[in-house]
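Trainee: This structure is in structure tokens; I'll ask about it shortly.
The values are calculated or read from the model by the stated rules, or taken from the named source; none is laboratory data. Only a predicted model underlies this, so the values are computations on that prediction, with no experimental measurement involved. Quick reminder, even Gly has a Cβ in these numbers, built from the backbone with ideal geometry, and neighbours come from all protein chains shown.
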Amino acid sequence: MMKNISVLGSTGSIGTQTLEIVRENPELHVRVLACGSRIDLVEKQIREFHPDLCAVYDEKTARELKVRTADLPVKILSGMDGLEEAASYEPVEIVLTSMVGMIGIKPTIAAIRAGKDIALANKETLVTAGHLIIPMAKENHVKILPVDSEHSAIFQSLKNEDPRRLEKILLTASGGPFRGKKREELKQMRSCDALKHPNWSMGKKITVDSATLVNKGLEVMEARWLFDVELDQIEVVVHPQSVIHSMVQFVDGAVIAQLGIPDMKLPIRYALFYPDRIPSKDPRLDFYELGKMTFEKPDPDTFTGLSLALKAAKTGGTMPTVFNAANEKAVALFLKDEIGFLEIPDLIGAAMDAHRVIASPDVEAILQAETETYAFLEELRNQ
């Protein structure tokens with residue numbers, strides 16, 4: 001049976017891997033593409049997948065794309081209005097939201113209000129607006145299907161189980177490229193070092209977030225909303241082999257885990273075809289070759305990004321937005337080698353300390369908190 005999908009963030013890491021899955025599965029029909037500004041790649045995608053709509057956030061890029069694709073029957077949209085129109089396109093059944101950053105919140109809301117199931121790969125949506133998104137999804141009878149490997153693993157491990165019998169979520173972390181290093185060593189680390197992830201192939205920002213353990217903090221916040229648990233029911237476990245993608249522990253002591261090779265196509269495929277599992281030609285996990293699996297406690301004193309994330313999550317309101325926005329700004333500076341690795345959590349902490357929390361923010365208050373955080377850090381940098 002044909003399934004119509006939208007891919008928001010089609011030129012990023014998750015988006016391009018999603019389109020690889022589409023190539024392998026002709027029953028998936030891409031009706032909508034959306035991206036920020038990568039015009040050459042999105043033009044190639046349009047010519048290959050023949051969507052009805054393509055939304056480009058950058059308006060100048062959208063105008064150029066319209067000229068480039070004048071020979072094709074595709075409607076080019078632009079700006080936030082274009083992203084929201086693309087997200088709510090009537091023929092689509094499931095929207096994969098993988099745009100990086102808080103740009104993904106409004107399109108996700110538009111898709112939910114239009115009754116589309118969400119394959120969620122945009123962390124910021126739940127980190128900053130989980131208190132709005134989850135009730136909205138329930139009200140509109142929309143499934144939120146997690147695409148993060150960890151949340152997909154939890155989702156799969158909970159299938160057919162009574163959620164009231166869940167005792168604890170065991171959220172695994174690879175530890176990133178700097179696992180085991182101490183603060184003195186981390187002072188010397190530059191962006192080229194942080195981008196050498198031992199297991200996963202990801203975009204630059206999320207790879208740096210893995211190195212700081214900020215990514216794991218964001219995933220704790222997501223898991224809280226996705227699985228309706230308290231923060232103290234989520235435990236981070238460092239698992240360097242990245243074979244167990246996460247686990248759940250029940251009240252009787254049983255632990256159920258989802259295992260597999262470190263490959264994002266597995267959770268993407270599961271979300272797109274849920275509740276079915278379809279065959280794939282991807283490599284299989286070889287336990288003889290693996291040999292062993294190890295587990296460690298995280299080091300929150302060295303990798304303070306995780307500690308700051310938990311503090312933001314406990315504070316709630318607009319504080320997770322400030323944490324997320326400050327991290328985005330700090331990582332952008334780090335990737336340009338304008339700040340050192342340890343300055344990333346320093347900037348996050350400074351922004352959090354300066355913020356006055358709004359307890360139950362609407363979308364506009366969330367976006368305002370983001371803007372104010374960027375402005376604060378810019379001013380701090382110019383002092």
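Trainee: With buried (at least 22 other Cβ atoms within 10 Å of the Cβ) and assigned to a helix (DSSP H, G or I) as the only criterion, which of E364, E378, E370 stands out?
Mentor: Answer to the selection: E370.
Trainee: I need every pair where a residue in the stretch 170-194 that is under 21 Å from M247 (Cα atoms) has its Cβ under 8 Å from the Cβ of a residue that is in a helix (DSSP H, G or I) and of a type in the set (D, E, K, R), sequence separation at least 6 or different chains.
Mentor: Taking only residues 6 or more apart or on different chains, the pairs are L171/E150; L171/K216; L171/E219; T172/E150; A173/K216.
Trainee: Within the stretch 103-113, does at least one residue satisfy the condition of being assigned to a helix (DSSP H, G or I), modelled with pLDDT under 95 and surrounded by fewer than 23 Cβ atoms within 10 Å (Cβ to Cβ)?
Mentor: Looking through the stretch 103-113, at least one residue is assigned to a helix (DSSP H, G or I), modelled with pLDDT under 95 and surrounded by fewer than 23 Cβ atoms within 10 Å (Cβ to Cβ).
Trainee: Any residue that is in a loop (DSSP other than H, G, I, E, B), closer than 22 Å to V229 by Cα and out of contact with any helix residue (DSSP H, G or I) (no Cβ under 6 Å at 6 or more places or on another chain) - is there at least one of those in the stretch 123-143?
Mentor: Scanning the stretch 123-143 turns up at least one residue that is in a loop (DSSP other than H, G, I, E, B), closer than 22 Å to V229 by Cα and out of contact with any helix residue (DSSP H, G or I) (no Cβ under 6 Å at 6 or more places or on another chain).
Trainee: Mind counting the residues in the stretch 150-176 that are more than 14 Å from I234 (Cβ to Cβ), polar (S, T, N, Q) and buried (at least 23 other Cβ atoms within 10 Å of the Cβ)?
Mentor: So the count comes out to 1.
Trainee: Same structure, new question: If a residue must be part of a helix (DSSP H, G or I) and under 21 Å from G101 (Cβ atoms), how many such residues does the stretch 339-353 contain?
Mentor: 9
Trainee: Taking the stretch 263-298, which residues are of a type in the set (S, T, N, Q) and under 16 Å from S242 (Cβ atoms)?
Mentor: Matches in the stretch 263-298: T294 only.
Trainee: Take the residues of the stretch 287-306 that are among the hydrophobic types (A, V, I, L, M, F, W, C) and outside any loop (DSSP other than H, G, I, E, B): which is farthest from E328 (Cα to Cα)?
Mentor: Of everything passing the filter in the stretch 287-306, F287 is farthest from E328 (Cα to Cα).
Trainee: In the stretch 319-338, how many are assigned to a loop (DSSP other than H, G, I, E, B) and crowded, with 18+ Cβ neighbours inside 10 Å?
Mentor: Going through the stretch 319-338 one residue at a time, the tally reaches 0.
Trainee: Tell me, please, whether a residue that is closer than 19 Å to N122 by Cβ, in a helix (DSSP H, G or I) and either of a type in the set (G, A, S) or touching a residue at least 24 places away in the same chain (Cβ under 8 Å) (or both) can be found in the stretch 43-63.
Mentor: yes
Trainee: Now for a different question. Could you go through the stretch 4-17 and let me know if any residue there is among the hydrophobic types (A, V, I, L, M, F, W, C) and either farther than 19 Å from E93 by Cα or surrounded by fewer than 18 Cβ atoms within 10 Å (Cβ to Cβ) (or both). Can you show your working first?
Mentor: Residues of the stretch 4-17 that are among the hydrophobic types (A, V, I, L, M, F, W, C), as a first pass: 5, 7-8, 14.
Now restrict to residues that are either farther than 19 Å from E93 by Cα or surrounded by fewer than 18 Cβ atoms within 10 Å (Cβ to Cβ) (or both): none.
Looking for residues that are among the hydrophobic types (A, V, I, L, M, F, W, C) and either farther than 19 Å from E93 by Cα or surrounded by fewer than 18 Cβ atoms within 10 Å (Cβ to Cβ) (or both), one finds none in the stretch 4-17, hence no.
Trainee: Select the strands (runs of 3 or more DSSP E) contained entirely in the stretch 181-275, then report the ones holding at least 1 residues which are hydroxyl-bearing (S, T, Y), crowded, with 18+ Cβ neighbours inside 10 Å and modelled with pLDDT of 90 or more.
Mentor: Numbers: elements: 234-238, 244-250, 255-259.
Result: 244-250.
Trainee: Out of curiosity, is E85 assigned to a helix (DSSP H, G or I), among the charged types (D, E, K, R) and closer than 19 Å to A271 by Cα?
Mentor: Criteria not met by E85.
Trainee: For the stretch 1-52, enumerate the residues that are of a type outside the set (V, I, T), under 20 Å from the mean Cα position of the chain (by Cα) and under 13 Å from L272 (Cβ atoms).
Mentor: Of everything in the stretch 1-52, those that are of a type outside the set (V, I, T), under 20 Å from the mean Cα position of the chain (by Cα) and under 13 Å from L272 (Cβ atoms) turn out to be S6, G15, Q17, L19, E20.
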